[in-house]
1. Anything in region 63-86 that is polar (S, T, N, Q) and either in contact with a Lys or Arg (Cβ under 6 Å, 6 or more places away or on another chain) or not in a helix (DSSP H, G or I) (or both)? List them, or say none.
2. Taking only region 6-61 into account, find how many residues are in a helix (DSSP H, G or I) and acidic (D, E).
3. Based on what the data block shows, is W12 aromatic (F, W, Y), out of contact with any His (no Cβ under 7 Å at 6 or more places or on another chain) and open to solvent by 90 Å² or more (accessible area, probe 1.4 Å)?
4. For residues that are open to solvent by 100 Å² or more (accessible area, probe 1.4 Å) and either under 27 Å from N10 (Cα atoms) or of a type in the set (D, E, K, R) (or both), tally how many sit in region 40-72.
5. With (1) in contact with a Phe, Trp or Tyr (Cβ under 8 Å, 6 or more places away or on another chain); (2) open to solvent by less than 60 Å² (accessible area, probe 1.4 Å); (3) touching a residue at least 12 places away in the same chain (Cβ under 8 Å) as the list, and E85 as the residue in question, which single condition is left unmet?
6. Please go through (1) open to solvent by 80 Å² or more (accessible area, probe 1.4 Å); (2) closer than 23 Å to G11 by Cβ; (3) not acidic (D, E) for H33 and return the number of the only condition it doesn't satisfy.
Amino acid sequence: MIFIDWALANGWQKGLSLDRIDNDGNYEPDNCHWVTWKEQARNRRSNRLITFNDKTQTMAEWAEEINISYHTLKSRINNYHWPIERVLTEPVNS
């Protein structure tokens, strides 16, 4: 019951997942919080982080921010080998 009490007191709601704040840390109360599956997926070590104009985000976050599909962004990087500035600033179908 200790975990259930902690979970309820710390924001657990249906549909949330337990996430570590510091991925190198343990699953303990000071290092855990409840997040959506979307947030959980963006906190994985395997995510590729892109820095542009002093801002670092995952590829999924950049795609969402600049309003292009993740697959378009990924193709620009992996298939076409565009520089990051062009990847993130060139409109789709230009």
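The values are calculated or read from the model by the stated rules, or taken from the named source; none is laboratory data. Quick caveat, the model's predicted, so the values are computed rather than measured. FYI the Cβ positions are ideal-geometry reconstructions off the backbone, even for glycines, and counts take in every protein chain you see. For accessibility, only protein heavy atoms count, side chains too; no ligands or nucleic acids. Shrake-Rupley method; radii C 1.70, N 1.55, O 1.52, S 1.80 Å.
1. N67, S69, N79
2. 3
3. Working: aromatic (F, W, Y): yes; out of contact with any His (no Cβ under 7 Å at 6 or more places or on another chain): yes; open to solvent by 90 Å² or more (accessible area, probe 1.4 Å): yes.
Answer is yes for this residue.
4. Let us first name the residues in region 40-72 that are open to solvent by 100 Å² or more (accessible area, probe 1.4 Å), namely 44-45, 48-49, 53-54, 64, 67, 71.
Still in the list and also either under 27 Å from N10 (Cα atoms) or of a type in the set (D, E, K, R) (or both): 44-45, 48, 54, 64.
So the answer is 5.
5. (2)
6. So the condition that H33 fails would be (1).
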